[in-house]
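Taking it in order: structure first as structure tokens, then the write-up.
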Number of protein chains: 4
Amino acid sequence: MLDLGRKILASQPFSVFLDAELTGLSPGNAELAIPIRPEFGQQHGFVHGGIISYAADNALTFAGGSVLGTAVVTSEFKINYLRPAKGDTLIVRASVVHHGKRQAVCRCDVFVLVSGNETPCAAAQGTIVRLSSPR
Amino acid sequence: MLDLGRKILASQPFSVFLDAELTGLSPGNAELAIPIRPEFGQQHGFVHGGIISYAADNALTFAGGSVLGTAVVTSEFKINYLRPAKGDTLIVRASVVHHGKRQAVCRCDVFVLVSGNETPCAAAQGTIVRLSSPR
Amino acid sequence: MLDLGRKILASQPFSVFLDAELTGLSPGNAELAIPIRPEFGQQHGFVHGGIISYAADNALTFAGGSVLGTAVVTSEFKINYLRPAKGDTLIVRASVVHHGKRQAVCRCDVFVLVSGNETPCAAAQGTIVRLSSPR
Amino acid sequence: MLDLGRKILASQPFSVFLDAELTGLSPGNAELAIPIRPEFGQQHGFVHGGIISYAADNALTFAGGSVLGTAVVTSEFKINYLRPAKGDTLIVRASVVHHGKRQAVCRCDVFVLVSGNETPCAAAQGTIVRLSSPR
């Protein structure tokens, strides 16, 4: 399943552009890692919220896809930023809270890895839906 | 105010990296435009949700900052994707719904510009907070 | 359409229990009013957030139903409380941001009416979905 | 801490009106139970979303209050309804994801108890803030 997930991630130009890596994928769970680059910052020297929300969105999609199949998109999500992120790598762990045939409600936690220690920087929750037909 | 806003946007490495442009800023309102590049796609050929959520997050921050001052961050937001985005430019218009001294609740609408026509692709709502001290 | 809406509201025991009234319903828009009673308070003397969230949820559903048909439910929503509510009546105005055949994304604003003046007390955004079959 | 929490719940007229009971409260965690009454229904015979959102909102507030002190309110939250709720009792378990001095980000899961079995019916996430001064 992880191999298939990595092929899908590699087919997302934006994820390739940001060097995102799928580090885990099993039924109901997904983990993404994104090495932090200087160009990911905001004006105060921390990681821009936009890349954290990208990471959350994408991890939610992969978690949802792990139970719904590959033809899925994020329909909506909400994110709370917990504290400013600064460090080496963003790590997002997403899991399915509940799912039917058509949609999955998922949560994720975003951490920043600094010198081997993880600190939480965001928490998100959203809905992933199956595409009804090829787009 | 627009000039100051543009300086702040120019000091965000991630916004420079994505070529985001601040096209409007007045008390209570902000508008961002992001020319769509091939590297912003997802696997189905549409704009990746992650860049739409970046755009929404940042426009919300600028709208909040227009009434709270420059030292602000997005504390949380939620976004609904309305339909797949494909086109030339993402345009986000954000406005303040209500604010006090410390925080502002803002909304924004994201459009994709295709051959001169705007179609809505996402709607977001969130909280912008003033940083209590220099970081 | 308003008459049909009122019949539906009258068939919701919880809405009857709270004396909610549907004061407007047209394609894409809904308005609810709830006279504030002493038993709706929280510990600081203001209206409990729970009744504000009920009002927002229900107004979103009616707005969605105005374009999707009567067999709808709220799938998810988010609400920001803007300031403590104290007054005579809660008024919620909801409108459809975008809809397809199966779901509608809607927003609403909640006001409290005090001596004839409305002040905003909450803002919400959510997804209304059509039930696929009779339940 | 549970005794203090119960006093606070008993001072909320809306919670008394709905017969909500605080069944657990410890640093970082809160549990509410609400016996389901016929007047809590919606038009399809299930529990109205509005009472589920009340329960989620209030459980989030108690979880936040367990680490921030008693003078707290819910600032915002989002809720996903997972499936229609029918049964004997609503049970909500909330926990703190992260907190500072002024605010806490919390999550909760709502279950419906039917013949001794719990099934999940909603999931929520939100922000609880400390009131800066007596209101």
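The values are calculated or read from the model by the stated rules, or taken from the named source; none is laboratory data. Quantities reported herein were computed from a predicted structural model and do not represent experimental measurements. For neighbour counting, all protein chains shown are included, and Cβ atoms are generated from backbone atoms with ideal geometry for every residue, glycine included. Heavy atoms of the whole protein, side chains included, go into the accessibility calculation; ligands, DNA and RNA do not. Shrake-Rupley method; radii C 1.70, N 1.55, O 1.52, S 1.80 Å.
What you get for the range D:63-135, charging only the Cβ of Lys and Arg (+1) and of Asp and Glu (-1), is a dipole of about 300 debye around the Cα centre.
Here the range B:107-124 and the range D:69-135 have alpha carbon centers that stand 33 Å from each other. Charging the Cβ of each Asp and Glu at -1 and of each Lys and Arg at +1, and nothing else, the dipole of the range B:26-90 about its Cα centre rounds to 160 debye.
GNM remark for chain D: springs join alpha carbons under 10 Å apart, and the peak mean-square fluctuation among D:Ser66, D:Ser75, D:Ser11 falls on D:Ser11. Karplus-derived 3J(HN,Hα) values for the range D:72-77, using 6.51 cos²θ - 1.76 cosθ + 1.60 with θ = phi - 60°, are 9, 9, 7, 8, 6, 7 Hz; glycine and proline are entered as x. Which angle between 0 and 90 degrees, to the nearest 10, do you get for helix D:49-68 versus the longest principal axis of chain D when only C-alpha atoms count? Relative to chain D, helix D:49-68 is tipped by roughly 30 degrees.
Highest mobility in the GNM of chain C, judged by mean-square fluctuation with C-alpha springs under 10 Å and restricted to C:Ala71, C:Ala123, C:Ala30, is found for C:Ala71.
Rounded to the nearest 0.05, what FRET efficiency is calculated for B:Thr23 and C:Lys86 with R0 set to 51 Å and r the Cβ-Cβ distance? Using R0 = 51 Å, I get an efficiency of 0.80. Top mean-square fluctuation among D:Ala20, D:Ala55, D:Ala94, Gaussian network model of chain D, C-alpha springs under 10 Å? The residue that fluctuates most here is D:Ala20.
Only DSSP H runs of four or more residues enter the estimate; each adds -39500 (n - 2.57), and after division by the residues of chain C the mean residue ellipticity at 222 nm equals -7500 deg cm²/dmol. Derived scalar couplings between HN and Hα for the range B:104-115 equal 9, 9, 10, 10, 8, 10, 10, 10, 10, 8, 10, 6 Hz in order, rounded to whole Hz, by the Karplus curve 6.51 cos²θ - 1.76 cosθ + 1.60 (θ = phi - 60°), x for Gly and Pro. Among the residues of A:54-61, the average count of other protein chain beta-carbon atoms within 10 Å of the residue beta-carbon is 4. Within 10 Å of the Cβ of each residue in B:18-27, the mean number of Cβ atoms contributed by other protein chains is 1.
In this assembly, the C-D interface accounts for approximately 3000 Å² of buried accessible surface in total, computed with a 1.4 Å probe and without ligands, DNA or RNA. Between D:Glu118 and D:Lys101, the contour length at 0.36 nm per residue exceeds the Cα-Cα span by 2.7 nm. Straight-line cross-link partners of A:Lys86 among the lysines, defined as a Cα under 26 Å from its Cα and at least 8 positions apart when in the same chain: A:Lys78, B:Lys7, B:Lys78, D:Lys101. Counts of other chain beta carbons within 10 angstrom of each beta carbon in peptide A:101-112 average 2. Between the beta carbons of C:Asp3 and C:Glu39, assuming R0 = 22 Å, the FRET efficiency works out to 0.15 to the nearest 0.05. For B:Arg130, the solvent-accessible surface computed with a 1.4 Å probe is close to 120 Å², ligands and nucleic acids excluded.
Taking all protein chains as present, what is the carbon and sulfur share of the accessible area of chain D, in % to the nearest whole number, probe 1.4 Å? Carbon and sulfur together cover 54 percent of it. What chain C shows is 37 Å² of accessible area per residue, with the surface traced by a 1.4 Å probe over protein heavy atoms. Rounded to the nearest 20, the size of the Cβ-charge dipole of the protein assembly as shown about its Cα centre is 0 debye, with Lys and Arg at +1 and Asp and Glu at -1. Over all distinct Cα-Cα pairs of the protein assembly as shown, the Kirkwood formula returns a hydrodynamic radius of 23.2 Å. Taking the charge dipole of chain B about its Cα centre, with +1 at Lys and Arg Cβ atoms and -1 at Asp and Glu Cβ atoms, the residue from B:Gly126, B:Tyr54, B:Ile34 reaching farthest to the positive side is B:Gly126.
Residue by residue, the range A:81-88 carries 3J(HN,Hα) couplings of 7, 8, 6, x, 9, 8, x, 8 Hz when phi is fed to the Karplus relation 6.51 cos²θ - 1.76 cosθ + 1.60 (θ = phi - 60°); x denotes Gly or Pro.
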